[in-house]
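Inspection log for the structure reproduced underneath, given as structure tokens.
Here, each number is a calculation from the coordinates, and none is a lab measurement. On a predicted model such as this, the values are computed, not experimentally measured, just so you know. Note: ideal-geometry Cβ built from the backbone for every residue, glycine included; neighbour counts use all protein chains shown.
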């Protein structure tokens, strides 16, 4: 017999009949049984082989398997009774369905002293079959006969593929052939329904060689074990493990809810919905006491039929569930509610919603399980599991599994909810601490962007534009180490400190030194006194539109990019300086001239650094983005963010500040050297009035004359020569500056009634918008600003 062609086998009669009742194949065993050679019967009707008056009939096409005794006509005319087993064969190589009918020529029971049967019965306590070296069945025990649903005395001499047409049978025969060839045991797993059972079981077939006293393989013993419980336990454990890995991958409530639905379809249910309670106003906890009706918002759902999801509510919809509904009852009671057609309570629980009830009937939904989502004593919502394609109702083990997975998901949802609330609070704090708008200045045109981290949370990045005296402006960008409310609060303290230090006109390196001292103190206050508890970086620059000079210093911060008006962007080579909080190390500043129309790009490391590239590659992309022409600085900011940041957001906070320099024309500045002679104050006032007349600012002449007279007189009386007077004006402001070489700064005091002096600076303070002093390398400068619009 050829193992690949069972129709060469003479021990078993095999025929193939198509659905029209025509014989298509005829084995040698059929020739021996009925005497007809294949050439005589193939292509003819199978019914012609039935003897007259036969009490049996071939199987109908509605059945998948049939067995029984048939009276067959031999070629010489006598009747041959034969027990026939027939089963439907699936289409092969494009051929239509057909039937395989077999009849064993060794139908007598196996002798009791058959060594193979005796060995198999002795070695296998469970359902088993014994095959010889030709893979013909020699015997089965009672347990196996019950599984097959066939009389065991009729199966002798058949092959495994004769008994059943299932694909698993062919695989079993391949395993047996391998055992015969190698002599090594083999295992095979299958998932199918035994005869007379309504639900498929998981089976493990152990295929072992049977040997004679000389060790030669003379047969195969197949023992079958029902491992359904172990299989289901492994599936449940796998689902729980998968849930622990896939659920909670992000701190996003909607994404976490969707992950719960994705994990459970189709492993546990055919359709899963996740509905959550809306949080209270101002980010409060959900209500602890629930009463029907309950309002839930659809957060996620998943179906085995994505093209036709059975959802009644769409994601984001708010639905109200009355008392008696599975959702409301499970939420209020805090336990799982199962409703099914078998129990007769499914439609009763859905009577409140005709749309849902109609959908249930259309889909054939037969089981619904509602599981409350609870974490840390808080009820968050409900997950509903529905079956309509899977034919089996939910079992007690399914309930336990759903509760286990839902409990894990509820903790992740609660974590995401708490994180979202904290993130929103931190983001609100961060935005309140950042400038809502950049002040317009005569020195620069500025635009900015701030983006919080996509996953790590809001951090401590900040930026600012600070108007200084003398039409100058300070631009600053900084970055506090870490994320969260603490980082945002530290950022707010540093930004306030920078504005305060900038107001006293410190040079960039001096300002960073004072800021470093502050960070050291903050670090000592926040931890156990050790360094490194708080860290930050900062870049501070001061630009003067009159001289077009810009002084810059940085503390562990990325260097800025300069875009000249007619050249390619370049990275400025500045001394790096240590990060803020190290303490004791000096900072250095660099001064350079910026032509009018130059763009200075300040940014934090979150813009240029990422997992996919280093800072050098990011800065190259930044220069490339800044090189392209843009209609405005806002357009340039947007292009930079699109070029350097991924679509899902940056891994770290990003702050970007672009400042385009302006120059003050020489005609808007007037300078005089003042001799140290009080008698010459009057001619100086005359010169000032003439200059104001030239500028068309005579409306401000009275106030300007008083301020100039007081500042010049003070410089002559208390300062040191040389003394210089400078007037600067733009459309809205007139600035009077008096400089001398003395380092003694004036201070404002309240003069008493009998005091002869002390009223000059008080008068200046009353007449001007702002006034102050700043130290320079040569001495000091006293300045006062007059608002021209107010004068008008």
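With the Cα gyration tensor of the stretch 357-454 giving a ≥ b ≥ c as the square roots of its eigenvalues, does the rule (a/c under 1.5 for rounded; else a/b larger than b/c for prolate; else oblate) give rounded, prolate or oblate? Since a/c reaches 1.5 and a/b is larger than b/c, the shape of the stretch 357-454 is classed as prolate. Using every pair of distinct Cα positions in the stretch 291-412, the Kirkwood expression returns a hydrodynamic radius of 14.8 angstrom. Taking a quarter of the surface of the Cα convex hull of the stretch 151-285 gives a mean projected area of 13.3 nm².
Compared with the dominant Cα axis of the chain, that is its longest principal axis, helix 253-264 is turned about 10°. If the segment from residue 404 to residue 143 were pulled out straight at 0.36 nm per residue, it would be longer than the present Cα-Cα gap by 90.2 nm. Taking the number of Cβ atoms within 10 Å of each Cβ as an exposure proxy, the fewest-first ranking of 557, 231 is 231, 557. Report the calculated FRET efficiency for residue 262 and residue 420 (r = Cβ-Cβ distance, R0 = 25 Å), to the nearest 0.05. Calculated value: 0.80. Length gained on full extension, residue 332 to residue 314, computed as 0.36 nm times the residue gap minus the Cα-Cα distance: 4.1 nm.
Going by neighbour counts of Cβ atoms within 10 Å, the residues 359, 686 line up, fewest first, as 686, 359. Using only the alpha-carbon atoms, how far is helix 681-695 inclined from the longest principal axis of the chain? Give it as 0 to 90 degrees, nearest 10. Rounded to the nearest ten degrees, it is 50. The label-point distance for residue 32 and residue 19, in a model that sets each label 7 Å from Cα toward Cβ, rounds to 3.4 nm.
Per the Debye calculation on the chain with a single equal scatterer at every Cα and no solvent contribution, log₁₀ I(q)/I(0) for q = 0.05, 0.09 Å⁻¹ amounts to -0.56, -0.98.
Angle of helix 396-433 to the longest C-alpha principal axis of the chain, folded into 0 to 90 degrees and rounded to 10: 10°.
With the helix formula -39500 (n - 2.57) applied to DSSP H stretches of n ≥ 4, the chain reaches a computed 222 nm mean residue ellipticity of -10000 deg cm²/dmol. This ranking places 701, 333, 589 by how few other beta-carbon atoms lie within 10 Å of each, fewest first, which gives 333, 701, 589.
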